[in-house]
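Data first, discussion second: the structure below is written as structure tokens.
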Amino acid sequence: MAQSDLFPGSAQIDASAAVTEADDWQARSKWLRAELNRHSHAYYVLDNPTIPDAEYDKLFRELQAIEEAHPDLITSDSPTQRVGGAALSQFPPVRHSLPMLSINNGFSESDIIAFDRRTREALKVDGEVEYATELKFDGLAINLRYENGMLVQAATRGDGATGENVTANIRTIRGIPLRLHTDHPPKVIDVRGEVLMFKSDFIKLNARQRESGQKIFANPRNAAAGSLRQLDPSITSRRALRFFAYGIGVLEDAEMPASHAGLLDWYVQLGIPICDERAVVRGAQGLLNFFNSIAEKRKQLLYEIDGVVYKVNRLVDQKKLGFVSRAPRFALAHKFPAEEAMTVVQDIGVQVGRTGAITPVARLAPVSVGGVVVTNATLHNEDEVRRKDIRIGDTVIVRRAGDVIPEVMAFVPELRPADAREFVMPTACPVCGSPIVRLEEEAIARCSGGWVKCAAQRKGGLLHFVSRRAMDIEGFGDQLIEQLVDKHVIKTAADLYKLGFASLAELDRMADKSAQNILNALEKSKSTTLARFIYALGIRHVGESTAKELARHFGNLDALLHATEEQLLEVADVGPVVARSIMTFLADPLNLELIEQLRAAGIVWPENTPERNHSLLAGKTFVLTGTLPTLSREAAAEMIEAEGGKVSGSVSKKTGYVVAGADAGSKLAKAQELGIPIIDEAALLQLLSQNKQ
Ligand code: IVH
């Protein structure tokens with residue numbers, strides 16, 4: 001077969017070369033193998049990509065085609081042979097030639113100082129001990145056995161003595177060389193290290209899993225473990241696993257390096273991935289400095305770690321120190337306080353937010369997570385509880401990262417009791433007893449009590465009202481609002497302005513001076529802007545920018561209060577959902593009463609005449625796109641312009657309406673992206689006729 005039969009247009013082989021055809025293919029496949037392996041190594045091990053993915057894929061397909069036509073040319077270290085063989089029914093056990101040990105943990109500075117002291121004493125040294133420091137990867141320990149340079153077996157740690165044979169799956173990890181980069185390989189070498197998944201790959205994997213309705217992984221470690229435990233290697237091959245080497249088992253017919261750092265340097269030469277975040281340091285202070293520097297950059301690392309590892313650098317010293325039970329005396333893991341912990345869900349309750357949103361919350365048996373005792377963790381919403389299938393009685397993994405709210409990540413299937421109970425969304429609000437409703441198109445269930453009936457919403461609404469971007473009333477924190485509402489001193493925002501010195505000074509932890517400051521702040525807040533006032537009302541879907549648009553458009557409060565839904569829709573920023581929400585708010589007599597009371601309390605702002613003039617269409621820009629059912633574009637444009645509107649050819653933030661007909665294309669998409677109202681011909685005609693009235 002000629003090259004051009006395989007790859008039309010490919011001219012990478014000189015067909016006239018004075019070699020036989022078979023030699024030609026052999027040479028080409030050898031070159032392709034080396035080339036592909038070189039690129040994989042650059043990408044996965046050196047973190048320094050040398051060719052674009054598409055280029056790699058092209059070379060890969062060429063090699064595949066050659067091997068298909070000439071199966072005798074296939075070698076076991078060919079990159080095409082990473083995913084091979086049928087699915088297994090189980091992983092056969094592998095007995096480790098040398099046990100895979102665990103490692104002792106330290107948590108505090110004094111643990112580290114004690115470790116260094118024990119080491120110095122055991123080694124009988126006066127000066128500082130030299131340590132190799134590296135990261136404690138949060139993945140799974142793996143042993144890779146190479147014989148005469150070829151990867152022959154990969155096994156999990158298992159119980160340390162016996163693991164599972166996961167060779168087929170490990171071969172799919174492109175950073176792991178199938179053949180060592182040396183002409184003089186050891187007869188046998190056991191390379192030990194960690195398989196893990198990068199954070200970004202974990203996020204992508206979970207997104208894919210979610211889309212296809214499959215299992216969501218709690219963290220990158222579980223994702224790596226789940227991926228490695230797939231019986232079908234073709235699944236593992238799609239799972240972006242990585243490997244970092246940090247140790248050695250058996251070594252035959254080769255000289256052992258003198259130090260741990262030397263071992264890692266040797267691995268670099270052999271093409272085995274190791275992590276760059278490593279150092280050689282001296283003494284306890286050197287260890288602590290390394291720990292602190294890594295703690296600082298932990299967030300920026302591409303993978304998760306749960307601490308750092310210290311190892312006495314010289315291997316003769318390691319040997320001298322030996323082992324205690326199943327852990328070496330020469331190594332110590334200095335761990336970060338755990339950000340994840342396991343605990344039991346004792347109950348699932350709900351919390352009511354400012355807008356009445358009901359959030360399921362897991363009530364947990366107290367557990368320390370990252371140094372803080374956690375008893376509650378959010379489950380976000382009802383769908384999330386079902387998706388993660390969290391039940392009362394389950395043992396769960398709880399995570400708390402930085403200052404985010406603790407979150408239930410997943411349950412542990414093996415520990416689910418037979419009587420685990422499913423969460424049932426209550427039908428009544430736990431705070432005010434009003435019915436809980438969930439609209440079909442919404443993920444969130446809400447208390448229907450509003451802030452009039454529901455104390456939780458009242459507190460939330462008041463906190464929003466006083467917040468900096470709303471009425472900006474200084475001195476009101478969570479606790480003050482809580483007290484005022486619980487003691488029935490205030491019910492609505494209007495009541496805030498009725499507060500007197502006496503009622504404030506009576507409250508817990510309220511000094512006279514603070515009470516006076518609060519009264520001053522309330523007084524000051526009375527002079528505000530219409531935009532702030534609208535925003536402070538806490539109308540659902542009316543954020544700060546929509547409030548500003550509403551204020552600008554209507555100019556004064558009465559114009560807004562009397563606006564029709566159509567008129568609301570004319571405001572930039574206001575779509576059908578927002579318009580509906582404003583209409584609902586203004587239809588409630590209690591809300592209107594509140595507004596009147598606030599005005600009566602003396603809240604003022606500069607008022608303008610509305611921007612509206614005699615024509616509803618004046619100043620509005622229309623964009624026509626697609627084929628309208630009856631009107632030609634020209635006719636539609638003429639009608640719009642006759643009513644004072646403008647017609648433009650392109651969609652921007654300033655566009656008032658997009659009139660879309662059949663086969664509308666990019667302009668429609670742009671309008672959707674920008675949230676510009678999209679109408680059809682019928683709606684346009686209605687708008688035009690309304691304007692005439
Ligand atoms: S050395 C001789 N180095 O920690 C000690 N282990 O608790 C053998 N681990 O199962 C382990 N990063 O999965 C070592 N840089 C590192 C490590 C590391 C993570 C894990 C490994 C092992 C466990 C020991």
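Since every read-out is calculated from the coordinates, none of them should be taken as a lab result. Because the structure is a prediction, the values reported are computed rather than measured. We place every Cβ from the backbone using ideal geometry, glycine too, and count neighbours over all the protein chains shown.
3J(HN,Hα) along the range 259-270, derived from phi through the Karplus expression 6.51 cos²θ - 1.76 cosθ + 1.60 where θ = phi - 60°, amounts to 9, 5, 4, x, 4, 5, 4, 4, 4, 4, 5, 7 Hz, with x in place of Gly and Pro.
Between rounded, prolate and oblate, where does the range 118-200 land on the alpha carbon gyration tensor, with a ≥ b ≥ c its root eigenvalues, rounded for a/c under 1.5, else prolate if a/b exceeds b/c? Judged from the Cα gyration tensor, the range 118-200 comes out prolate (a/c at least 1.5, a/b above b/c). Grouping the Cα pair distances of the range 361-507 into 5 Å bins from zero gives a pair-distance distribution of 2, 8, 14, 14, 14, 15, 14, 10, 5, 3, 1, 0, 0 percent in increasing distance order. Computed across the range 329-398, the Kirkwood radius stands at 13.5 Å (inverse of mean 1/r, all Cα pairs). The residues neighbouring Arg298, those whose beta-carbon lies less than 13 Å from its own, together hold a net charge of -1 under the Lys/Arg +1, Asp/Glu -1 convention. In the range 549-693, the DSSP beta bridges split such that about 10 percent are antiparallel, to the nearest 5.
Between Arg438 and Ser212, the modelled labels are 2.7 nm apart [label points 7 Å from Cα along Cα→Cβ]. Approximating the spin labels as points 7 Å out from Cα along Cα→Cβ, the Gln686-to-Ala642 distance works out to 2.1 nm. Checking every one of the trypsin sites (Lys or Arg not before Pro) in the range 114-219 against DSSP loop status and a limit of 16 other Cβ atoms within 10 Å picks out Lys124, Lys187, Lys215.
Between the DSSP loop rule and a limit of at most 15 other Cβ atoms within 10 Å, which trypsin sites (Lys or Arg not before Pro) in the range 219-274 are left? Could the numbers behind the result be given before it?
Values: sites: Arg221, Arg229, Arg238, Arg239, Arg242; in loops: Arg229, Arg238, Arg239.
Qualifying residues, ordered by number: Arg229, Arg238.
When the C-alpha to C-alpha distance is required to be over 27 Å, the pairs from Lys388/Lys453; Lys136/Lys199; Lys215/Lys297 that qualify are Lys388/Lys453; Lys215/Lys297. Maximal additional length on extending the Ala327-Glu523 stretch stands at 63.7 nm, based on 0.36 nm per residue less the C-alpha distance.
No disulfide-compatible partner, judged by a Cβ distance under 4.7 Å, exists for the following cysteines of the chain: Cys275. Rounded if a/c is under 1.5, else prolate if a/b beats b/c, else oblate: with a ≥ b ≥ c from the C-alpha gyration tensor eigenvalues square-rooted, which is the range 230-287? It is oblate, given that a/c is not under 1.5 and a/b is not larger than b/c. Arranged from fewest to most other beta-carbon atoms within 10 Å of their beta carbon, Thr564, Thr492 become Thr564, Thr492. Radius of gyration over Kirkwood radius for the range 503-605, both on Cα atoms: the Rg/Rh ratio is 1.08.
Loop-located GluC sites (Glu not before Pro) in the range 238-318 (DSSP state not H, G, I, E or B) with no more than 13 neighbouring Cβ atoms inside 10 Å: Glu255. Computed over neighbours whose Cβ is under 15 Å from that of Thr630, the net charge equals -3, Lys and Arg +1, Asp and Glu -1. Think of the chain as a dipole: +1 on every Lys or Arg Cβ, -1 on every Asp or Glu Cβ, centred on the Cα centre; then among Ser78, Gly322, Val489, Val489 lies furthest on the positive end.
Shape class for the chain, computed from the alpha carbon gyration tensor (a ≥ b ≥ c): oblate, with a/c not under 1.5 and a/b at or below b/c.
So what is the 222 nm mean residue ellipticity for the chain from helices alone, if each DSSP H run of at least 4 adds -39500 (n - 2.57) and you divide by all residues, rounding to the nearest 500 deg cm²/dmol?
So the helix-based figure for the chain works out to -10500 deg cm²/dmol.
Listed by Cβ neighbour count within 10 Å, with the fewest neighbours leading, Ser89, Ser108, Ser40 appear as Ser89, Ser108, Ser40. Listed by chain and number, the lysines whose alpha-carbon sits under 20 Å from that of Lys319, ignoring those within fewer than 8 places in the same chain, are Lys124, Lys311. Count Lys and Arg as plus one, Asp and Glu as minus one, and take only other residues whose Cβ is under 12 Å from that of Ala443; the net charge is then -2. Placing +1 on the Cβ of every Lys and Arg and -1 on the Cβ of every Asp and Glu, with nothing else charged, gives the range 272-392 a dipole about its Cα centre of roughly 660 debye. In this structure, Ala600 and Gln672 have a Cβ-Cβ separation that, at R0 = 51 Å, corresponds to a calculated FRET efficiency of about 0.75. For the range 188-304, a simple Cβ point-charge model (Lys and Arg +1, Asp and Glu -1, everything else neutral) yields a dipole of about 820 debye relative to the Cα centre.
Count the DSSP beta bridges whose two residues both fall in the chain, then state the antiparallel fraction as a percent rounded to the nearest 5.
In the chain, approximately 85 percent of DSSP beta bridges are antiparallel ones.
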